[in-house]
Structure formats: structure tokens, C-alpha cells
């Protein structure tokens, strides 16, 4: 089951996300992610959070629409986005896409990378998407679609990533390693319509930026 989670980070071009909405089985909003959903004219399946940032009139609108709403106390360990992810897993998600999880606060943006690790450790596909990036985390293999000339960056998420093999990229790798102190995988380039990345050991961020 494919789940879309909408959080309260930066979303500027709502039209950009229309294609994502056509390919999901469930939409979960993390607190003020519902503000974005309202602007996108989406009726979510669930809204979760402590509701410290959702607009009161939007919460009331969705309550009247019969949307399932689960409120949590402000004094909690999990972020609202983490709660939304846990709910997605509870409902049987096999593929989770996060939007609105990158914003002006770097601490939140960085912490949200751990969402991908949590899913990866449970064999659930995950990605973070905004207007400028697609972000994946792998421990084995991924195939990423693109166009010739588009960029793809590979960055270690563990201290070291060993045995990196790539196909379809201008700067090919055939078993090299990469460490966290001095990564060299920024701005590789698609030479084909698909790129494959395989690693033997470690955790690797695969980021498709849009300029």
C-alpha cells in the first residue's frame, strides 16, 4: 500500500505534487500538513499530531468532512511526522512518500532523514520529495529514473560506504568506497534514462536534485 504523508515544511508549488496524488492509496497529514492538504483540495484519510500549528478553521473543516483525527499531547517524544509514519506502518504501508518535510529549520529537515532509515530497516520503501529534490536512502540497491543530463548525487549516511557500483552515470563507480568526512558524489550526471546504484556495505543517500 502506497501512503503519502504531508507535513508542515515548505511547499510552494502545489501543482507540482498532483502526479504523486494519483498514485497513492492513503494520505496522512502530520498536524499543519493539513493546511497544505486544504490548499491542494485533498481530503486526507487521517490527521495526526498535537495540533499546535494547524489552522483551527481547517481542523474544523476536516472534522465536519468526517476525516479521522487523532490528537496527541504536546509533551511527547515523537514529532508529528514520526507519528504519521508510525500510523502509515500500522495501516500496512509498503511504500511511503513524504512531502513538506524539508523547510527552513535544518534540525527538522535533517531529523526527517531518519524517517527513511526507519522505513529501510523495516523493508518499506521510502522517499522524500519536494520541488527541488527526490531523496532516497539505500543499503543495497536502487534504480532511479531520470533524463540524460540530469543530476544525481550520492552521499554517505554512514561513516563509510563500501563497494559502490553504478551504471548510467557519467562518473561511474566500480567498487570504490566513500566516507562521511570527504564525500565525492555530488552532482553526478545521468547518461541514460535510468541509473542503478548498488553498494556492498553502509548507508547511502541518493539525491536527485532539480535546478
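Observations
Rundown of residues vs (1) over 20 Å from residue 133 (Cα atoms); (2) modelled with pLDDT of 95 or more; (3) touching a strand residue (DSSP E or B) at 6+ places or on another chain (Cβ under 7 Å), yes/no style:
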site	(1), (2), (3)
12	no, no, no
19	no, no, no
28	yes, yes, yes
47	yes, yes, yes
52	yes, no, no
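- With respect to the conditions (1) within 22 Å of residue 45 (Cα to Cα); (2) at pLDDT 95 or above; (3) surrounded by 14 or more Cβ atoms within 10 Å (Cβ to Cβ), residue 90 falls short on a single one, namely (3).
- Pair list, Cβ under 6 Å, 6 or more apart: the stretch 19-45 residue on the phi > 0 side of the Ramachandran plot, other residue surrounded by fewer than 15 Cβ atoms within 10 Å (Cβ to Cβ) and part of a loop (DSSP other than H, G, I, E, B): 31/53
The values are calculated or read from the model by the stated rules, or taken from the named source; none is laboratory data. Since the model is a prediction, treat every value here as computed from it, not as a measurement. Glycine gets a Cβ as well: all are built from the backbone with ideal geometry, and neighbour counts include every protein chain shown.
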